[in-house]
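Working notes, beginning with the structure itself.
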Amino acid sequence: ITTVFAMGSVQMDPHHVHSFWGLSHALDLKYLSSAARTLQAALTEGASIKTNDATVLNILQVAPSDPRHSITTLAKSWRRQPNREVRTLVWEPSVEGLARHMLLFSIMMDTKLTMRDRMQIFVEVYGNIKIREKTAEYIEEQGKILASVVLDSNMGEADGPFNKLFDFSNLKFKEKDELVDVLRSYTR
């Protein structure tokens, strides 16, 4: 799964309030795509539409507020059409939403942590609750790593797991700078 980030020009209110959670349950977008194609084939009375093709599935998520759909799609992708690549374009109105999206993905993909530690850190960050000292140190470390990933994308470097996972080509340089500022603000 590749996540492409985009940012809108919607300004935050003066109180810096933005959404941390979406309003729907997590959906497997890959499954919805194949189900919709199957339904379309049935409605066109026997027209055959291949649902197991190896083409790229492009998904646009508009202001999802969190990565619940991307995580569910990634977790279930091996079940349905494992050879089909998924590209998710995430449009968030605030740079804080993009930074949080990146942080949650990085926690989920970090194999240096035990499964239990990953789960605890993920729940603390996702729930936006008071965090432990250990989690604060981890967030600070990940903020530095993710800021360097965004900066490396400006240089055209494509090494590392996060550079393959995230694509910042749709962001303007000003938006990338704002994203780096937010990620660097994760330090205490």
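All of the numbers you see were taken from the coordinates with simple rules; none came from a lab. Keep in mind the model is a prediction, meaning the values are calculated, not measured. All Cβ positions, glycine included, derive from the backbone under ideal geometry; neighbour counts span all protein chains shown.
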Which shape class applies to region 72-145: rounded if a/c is under 1.5, otherwise prolate when a/b exceeds b/c and oblate if not, where a ≥ b ≥ c are the square roots of the Cα gyration tensor eigenvalues? oblate
Formal net charge of residues neighbouring ARG132 (Cβ-Cβ distance under 15 Å; K, R +1; D, E -1): -1
Summing Lys, Arg as +1 and Asp, Glu as -1, what charge do residues with Cβ under 11 Å from the Cβ of ALA75 carry, ALA75 excluded? +3
Violating pairs (Cα-Cα greater than 22 angstrom) within the set LYS30/LYS164; LYS144/LYS164; LYS76/LYS130: LYS76/LYS130
For a quick check: with amide H placed at 1.01 Å from N, whose amide H comes under 5 Å from VAL86's, ignoring anything fewer than 5 positions away on the same chain? THR2, LEU57
Within a Cβ distance under 13 Å of GLU92, other residues only, what is the Lys/Arg minus Asp/Glu net charge? -3
